[in-house]
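Participant: Before I ask anything, here is the structure I am working with.
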Amino acid sequence: MSGPTVRLTMAQALVRYLCNQFTLIDGERVPLFAGVFAIFGHGNVTCLSEALEQVQDVLPTWRGQNEQSMALAAIGFAKARKRRQIMVAAASIGPGAANMVTAAGVAHANRLPVLLLAGDTFANRVPDPVLQQVEHFNDPTITVNDAFRAVTRYWDRIVLPEQILSSLPQAVAAMLDPADCGPAFIGLAQDTQERAFDYPLAFFEPVLWRIPRPRPDRGALAEAAGLLKAARRPLIISGGGVRYSGAAGALADFAARRGIPVSETIAGKGALTHEHPVHVGPVGILGSTSANALAAEADVILAIGTRLQDFTTGSWTAFSRDAKFISVNTARYDATKHRALAVVGDALETIGELDAALGDWAADPALMAKGKALFADWNRLLDQHQTADNAPVPTYAQVVGVLNRAASPDDVLIAAAGGTPGEVTKGWRVKNPDTFDCEFGFSCMGYEIPAGWGAAMALGGRGTPIVMIGDGTYMMMNSDIYSSVLTGHKMIVVVCDNGGYAVINRLQQAKGVPGFNNLLADCRVKDAFSVDFVRHAEAMGALGRRAESLADLEAALDWAQTTDRTTVISIVSDAHAWVPGDADWDVGVPEVSVLESVKAARRAQEKIREQQRIGV
């Protein structure tokens, strides 16, 4: 190649490239790649680790305990940084790589960036079959790493050292593209990692990446403005894209001046504070009675930065069949769902241009007044469910209430699966923007504790992650309690011990199936017993306390705020008491069954499907 070059192994060149990528966060120039989570094996320890060791003061490497959990920590970091900064997760070949596939699914479903690097088989195939290689008899090019194709936005396998010259910039561009954002995967053939090549020095020049803000088509914008002006009962649905665009302030101002109530998706929760004057609560299956009532009557829905997941739409039963959708999204695929008027563009830019196109139009003031009245009713309902009573075992809602009151304005609530998402989406009253992370795109049990570790890194002491999980999730993935103590990144973990998989037991019985294989009491076990979560956490270096009551929990949380490391609190919780919902969900129910309860559930499910809007 022409021009000056430097001779490096492929692994060394890859790492040097990563060290020279930068971005802007609040006007400050920072490394685009903040660090690497890694577990080394024979597929990456001899070459990639050699390269990373040389730059550990520039690109820090953190040792994971499990490949899936360390990649989830990277995702939690990216979410806390609102997709502005990226972590790398590096694993060996075979089982190490395969362990990251679930995490890739989390990042893909939630549109979050993470760079996944995995060792691969030998490009030259001379020593085949190598340790941990799976063999496909009719296609020797297939390896375990092909499993990532279904759950990544960018996928490549490097078999020649010069291939990273084109591959790495494309991987970065995909992760930073707001329309295509998601995980990037690069497989690194073991013998290619070691090979030296004369790389052009220009490849390693510092690059400052700016996230693009595509502006909407003028025609689509004018049509959207016309549709809004004709609306009598408009409603805004604020999705995660509002947060990632940094458009929360613009949205709040737009909604206040135009008199349009703002509901939120699960990913969008936290763009506005709970008490903001335009906020009417979450919408959908995990939604509020206030937002769902407005959604049912809305004639025009302005959906901003949301992929309109079934939990937002009530499986498309939450809205009138005649309601019109305006969908603002950087992704064309999302914007065109369900016959919406697609306005493809960045949320911040589109809100500003739509505002200008509306002239002096505003909705009837009675609409916002109605929204506030309904939201006040919703808050009273939450108060009823969160207030302590004389029951021997507290409910999830009561635990959420205690946590919420104890949390500082900058503490970040983290949840993902089980009974927690419904209770915190409904009941967590956000005090400061961007302090709520409920991973419900993939709803991955096990996301929570690793994400707490990653979020603690991202927060840098500005608030503490509060991880709320059930006993089932704790048992599934808890080793990053140990990681967080080792690295000095504190989180508070609250474990609601309800004796098994309680919320899925709720769904199972709601659809007519007797309790089976979910709660420990309904499982094939010799003797059902609870884990001592406090002692388990203490064995990993954390501090812990068991709360016997809501008053105990309140005292334990006050104490946890003063500790110098990750602190785990457990409390026995009711497996059968939940804040009720008023939106429907379409799930599969047996068409034939010997159980009368299942037959009744099937008839009810068919009635739900009769209410669904027909989409495209």
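Participant: Can you give me the long-range amide H partners of G268? Hydrogens built in the peptide plane at 1.01 Å from N, cutoff under 5 Å, separation of 5 or more residues or another chain.
Facilitator: Hits under the 5 Å cutoff: G240.
Participant: From the convex hull of the Cα coordinates of the stretch 374-480, what is the mean projected area in square nanometres?
Facilitator: 7.5 nm²
Participant: Here's something else I'd like to know. For the stretch 52-174, what is one quarter of the convex hull surface built on the Cα atoms, given in nm²?
Facilitator: Details: hull surface 34.0 nm².
The directionally averaged projection comes out at 8.5 nm².
Participant: While we're looking at this one, here's another question. So if the hydrodynamic radius of the stretch 541-616 is defined as the Kirkwood radius over C-alpha pairs, what does Stokes-Einstein give as its diffusion coefficient at 4 °C and 1.567 mPa s, in µm² per second?
Facilitator: Taking Rh from Cα pairs, D becomes 76 µm²/s.
Participant: Next question, about the same structure. From the phi of every residue in the stretch 168-174, what ³J(HN,Hα) in whole Hz does the Karplus formula 6.51 cos²θ - 1.76 cosθ + 1.60 yield, where θ is phi - 60° and glycine or proline is x?
Facilitator: So the J values, rounded to whole Hz, are 4, x, 5, 5, 5, 4, 5.
Participant: In the calculated pair distance distribution of the chain, what percentage of Cα-Cα distances lie above 38 Å?
Facilitator: Counting every Cα pair in the chain, those more than 38 Å apart make up 36 percent.
Participant: Under the Karplus relation 6.51 cos²θ - 1.76 cosθ + 1.60, θ = phi - 60°, what is the ordered set of whole-Hz ³J(HN,Hα) values for the stretch 440-449, x standing for Gly and Pro?
Facilitator: 10, x, 10, 6, 8, 4, x, 5, 5, 5
Participant: Students sometimes get this wrong: rank K82, K269 by accessible area, probe 1.4 Å, all chains present, largest first.
Facilitator: Putting K82, K269 in descending order of accessible area: K82, K269.
Participant: OK, next. Between D299 and D26, with labels modelled 7 Å along Cα→Cβ, what's the label distance in nm to one decimal, could you check?
Facilitator: Roughly 4.4 nm, to one decimal.
Participant: If you don't mind, there's one more thing I want to ask. Based on the Cα atoms of the stretch 127-186, what semi-axes does the equivalent ellipsoid have, where each is the square root of 5 times one gyration tensor eigenvalue, given in whole Å with the largest first? Write down the numbers at each step before the final one.
Facilitator: Details: eigenvalues 135, 42, 12 Å².
Values for the stretch 127-186, descending: 26, 14, 8 Å.
Participant: Per-residue accessible area for T265 at 1.4 Å probe radius, Å² rounded to 10?
Facilitator: 10 Å²
Participant: Ok, one more. May I ask you to compute the full-extension gain from V134 to T562, defined as 0.36 nm times their residue separation minus their alpha-carbon distance, rounded to one decimal in nm?
Facilitator: 149.1 nm
Participant: Round to the nearest 10 and report in Å² the accessible area of L131, as given by a 1.4 Å probe over the protein chains' heavy atoms.
Facilitator: About 120 Å², ignoring ligands and nucleic acids.
Participant: Dividing the convex hull volume of the Cα atoms of the stretch 15-57 by its residue count, what figure in Å³ per residue is obtained?
Facilitator: 70 Å³
Participant: Going by amide H atoms built from the backbone, whose H comes under 5 Å of the H on T5, apart from near neighbours?
Facilitator: Answer set, sorted by chain and number: L201.
Participant: In addition: Per residue of the stretch 455-470, what does 6.51 cos²θ - 1.76 cosθ + 1.60 with θ = phi - 60° give for ³J(HN,Hα)? Whole Hz please, x for Gly and Pro, Karplus curve as stated.
Facilitator: 5, 4, 4, 5, 6, x, x, 8, x, 10, x, 10, 9, 10, 9, x
Participant: Would you kindly state the longest site-free stretch of the chain, with sites defined as GluC sites (Glu not before Pro) in a DSSP loop (not H, G, I, E, B) surrounded by at most 16 other Cβ atoms within 10 Å?
Facilitator: 276-547
Participant: With a Förster radius of 45 Å, plug the Cβ-Cβ distance of K599 and V393 into 1/(1 + (r/R0)^6) and report the FRET value to the nearest 0.05.
Facilitator: Values: r = 33 Å, r/R0 = 0.73.
The value I calculate is 0.85.
Participant: Output the antiparallel fraction of DSSP beta bridges having both residues in the stretch 20-122, as a percent to the nearest 5. Mind dumping the intermediate values first?
Facilitator: On the way: 4 of 16 bridges.
Bridges in the stretch 20-122 are about 25 percent antiparallel.
Participant: Find how much the distance from L160 to A373 grows on full extension, using 0.36 nm per residue of separation minus their present alpha carbon separation; answer in nm with one decimal.
Facilitator: Length gained, L160 through A373: 70.2 nm.
Participant: With every protein chain present, what accessible area does L520 have (1.4 Å probe, heavy atoms only), rounded to the nearest 10 Å²?
Facilitator: 60 Å²
Participant: Under the rule of at least 5 residues apart or a separate chain, name every residue whose amide H is placed under 5 Å from the amide H of T61.
Facilitator: Here V36 satisfy the definition.
Participant: Please compute the modelled spin-label separation between K229 and A366, points set 7 Å along Cα→Cβ, answer in nm with one decimal.
Facilitator: In this crude spin-label approximation the distance works out to 2.3 nm.
Participant: Just to check, using Stokes-Einstein with a Kirkwood Rh over alpha carbon pairs, what's the diffusion coefficient of the stretch 474-616 at 4 °C and 1.567 mPa s in µm²/s?
Facilitator: Taking Rh from Cα pairs, D becomes 71 µm²/s.
Participant: Right, another one. Distance in nm between label sites at R609 and V55, each 7 Å beyond Cα in the beta-carbon direction?
Facilitator: Between R609 and V55, the simple spin-label model gives 5.4 nm.
Participant: Taking the Cα centre as origin and putting +1 on Lys and Arg beta-carbons and -1 on Asp and Glu beta-carbons, what dipole magnitude results for the stretch 540-612, to the nearest 20 debye? Display every interim value, and only then the final one.
Facilitator: Values: 8 positive and 13 negative charges, 50 e Å.
My answer is approximately 240 debye.
Participant: Over the chain, what is the relative contact order in whole percent, taking alpha-carbon pairs under 8 Å and six or more residues apart? Working shown, then result.
Facilitator: Numbers: 1350 pairs, mean separation 81.6, N = 616.
Normalised by residue count, the contact order of the chain is 13 percent.
Participant: Under a Cβ-only charge scheme (Lys and Arg +1, Asp and Glu -1), can you give me the dipole magnitude of the stretch 343-488 about the Cα centre, in debye to the nearest 20?
Facilitator: With only Lys, Arg, Asp and Glu charged at Cβ, the dipole is about 520 debye.
Participant: Given charges of +1 on the Cβ of Lys and Arg and -1 on the Cβ of Asp and Glu, with all other atoms neutral, how large is the dipole of the chain about its Cα centre, in debye to the nearest 20?
Facilitator: On the way: 55 positive and 65 negative charges, 238 e Å.
Value, rounded to 20: 1140 debye.
Participant: Then there's this: Could you give the length gained by full extension between R405 and N432, i.e. 0.36 nm per residue of separation minus their alpha carbon distance, to one decimal place?
Facilitator: Length difference between fully extended and current span is 8.4 nm.
The values are calculated or read from the model by the stated rules, or taken from the named source; none is laboratory data. No experiment lies behind these values; they were computed from the predicted model shown. No Cβ is skipped: glycine too gets one built from the backbone with ideal geometry, and neighbour counts run over all protein chains shown. Areas reflect the complete protein model, heavy atoms only, side chains present, ligands, DNA and RNA absent. Shrake-Rupley method; radii C 1.70, N 1.55, O 1.52, S 1.80 Å.
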